[in-house]
1. Select, from 41, 70, 48, the only residue that is of a type in the set (Asp, Glu), at pLDDT below 90 and either surrounded by 14 or more Cβ atoms within 10 Å (Cβ to Cβ) or touching a Leu at 6+ places or on another chain (Cβ under 9 Å) (or both).
2. Could you please find all residues in region 1-57 being of a type in the set (Val, Ile, Thr) and part of a helix (DSSP H, G or I)?
3. Within region 223-242, is even one residue assigned to a helix (DSSP H, G or I) and surrounded by fewer than 17 Cβ atoms within 10 Å (Cβ to Cβ)?
4. Restricting attention to region 247-274, which residues are assigned to a loop (DSSP other than H, G, I, E, B), surrounded by 13 or more Cβ atoms within 10 Å (Cβ to Cβ) and under 46 Å from the mean Cα position of the chain (by Cα)?
5. Within the bounds of region 199-212, is there any residue that is in contact with a helix residue (DSSP H, G or I) (Cβ under 9 Å, 6 or more places away or on another chain) and surrounded by 14 or more Cβ atoms within 10 Å (Cβ to Cβ)?
6. Looking only at residues in region 166-201 that are more than 28 Å from residue 233 (Cα to Cα), more than 19 Å from the chain's Cα centre (by Cα) and among the hydrophobic types (A, V, I, L, M, F, W, C), which one is modelled with the highest pLDDT?
7. Name the single residue that is surrounded by the fewest Cβ atoms within 10 Å (Cβ to Cβ) among those in region 1-36 being in contact (Cβ under 8 Å) with a residue 24 or more places away in the chain and closer than 19 Å to residue 156 by Cβ.
Amino acid sequence: MSMDYYKVLGIERSADDKQIKTAYRKLARKYHPDVNPGNKEAEAKFKEIGEAYSVLSDPEKRQKYDTYGENWEQGGGFDFGQSQGSGQQVDFDLGDLFGNLFHGFGGQSHVSARPAVPPRDVERKVDVTLKEIDSGTSRTLTYQVEDACQTCSASGQVRLAGGPRSGVCPNCRGSGSVPNQRKIAVKIPAGFEDGKKLRVPGGGAKGSNGKPGDLYVAIHVLPDPKFRRVGQDTEVEVETAFATAALGGEVSVPTPRSTGTIKLPAGTQPGQVFRLKGQGVSKLGGGHGDLLAKVKVIVPKSLTEEQRSLIEQLGKLETKP
C-alpha cells in the first residue's frame, strides 16, 4: 500500500522508538474495531496504523523504508507478507501490544489486568433540629454510588466469545463502573454532637472484589431560636424586669422538654448564669446535660409618668453620698 508511514502515525521522521510507540497506542485506542463496531473507515485506518507501526518499530525495516521510500520492500529484497491484488497483506501479531491497551479480561498471559479497584467510602450530610437530637431520631437516605463493574472487574473490557479478542463491557459500556441507588435507614442517637459522623458499614460503593465501602453521615444540628449547646450543657437566655433583678423573685425558664422556674436573688446582674442540673439536652450515651440560664435584664423603652417619677427618685437616691 502506498502511504507515508510517518504521516499515518502523525510523527516526525526523527521520532525515536518511544515516540513511535506512543503515537501508535493513541491511534490504536481511537480506531480499534472493538471501540468502533461496524465502522469501515475506522477499520481501514486501524489497518493503516498497524502497517505503519510494524515497519517503523522494526529498526531494519525502518532503515529500508527511510532509504527506499514506498518501494522499500523491493529495494531491500525483503518480502513483507503476501501480495493480494494491488495492495499488501500485513502479517504480524498485535497480541502483546493490545495486552497493554485493553486490560482486565484474563485468560491469555499477554493480557495484563488493570489494578484492582478498592471499595470506596461515601459521605452524606443530614440536617437535624436540636429537639431531634434531644430525643434521638432517624433518617432514610436515598443516594447514588458508582460501583465497580462486576462483569468486567472494573476493567471496562471483556473477553469476546470464541477467541482472545477483547470487547467493550456491555454492562458498564467501557467505563469500569455502574451507577447504583442505595436506600438506607440511619438511626441518629440522642445527644449526638454537631459535626460528628455516623458510620454505616456497607453503605459505600463496591470495589472490583464486590465488597462495598462504608457510608459516613455527617450530622449538622440546625440553629435553635432558644437554645445553644455549650459542650455537654445547654444555654438559654432568660428575660427579667429590672425590678425583679434588683429585688429578687421567680422567673420562668424554658427547657428543651418543658418549662421550669428559678428564684433570682436580689441584686441579680445582667449576664449572670444560673445552673439547672440535668435540665439540658440529652448526652450521648445517656443522661442530660445541665441548663445554663443566662439572665437578660429588660429595660423598658417607654415609661408612664409614675414609672418615670419613681425611677428619677431612685436615681437621686443612688447619687447621694
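The values are calculated or read from the model by the stated rules, or taken from the named source; none is laboratory data. Values in this document were obtained by computation on a predicted structure and should not be read as measured data. So basically every Cβ, Gly included, is an ideal-geometry build from the backbone, and we count neighbours across all protein chains shown.
1. So the residue among 41, 70, 48 that is of a type in the set (Asp, Glu), at pLDDT below 90 and either surrounded by 14 or more Cβ atoms within 10 Å (Cβ to Cβ) or touching a Leu at 6+ places or on another chain (Cβ under 9 Å) (or both) is 48.
2. Those that are of a type in the set (Val, Ile, Thr) and part of a helix (DSSP H, G or I): 8, 20, 22, 49, 55.
3. yes
4. Answer for region 247-274, where residues must be assigned to a loop (DSSP other than H, G, I, E, B), surrounded by 13 or more Cβ atoms within 10 Å (Cβ to Cβ) and under 46 Å from the mean Cα position of the chain (by Cα): 255, 256, 257.
5. The answer is no; no qualifying residue exists.
6. Among those that are more than 28 Å from residue 233 (Cα to Cα), more than 19 Å from the chain's Cα centre (by Cα) and among the hydrophobic types (A, V, I, L, M, F, W, C), it is 185.
7. Once the filter is applied, the top-ranked residue is 29.
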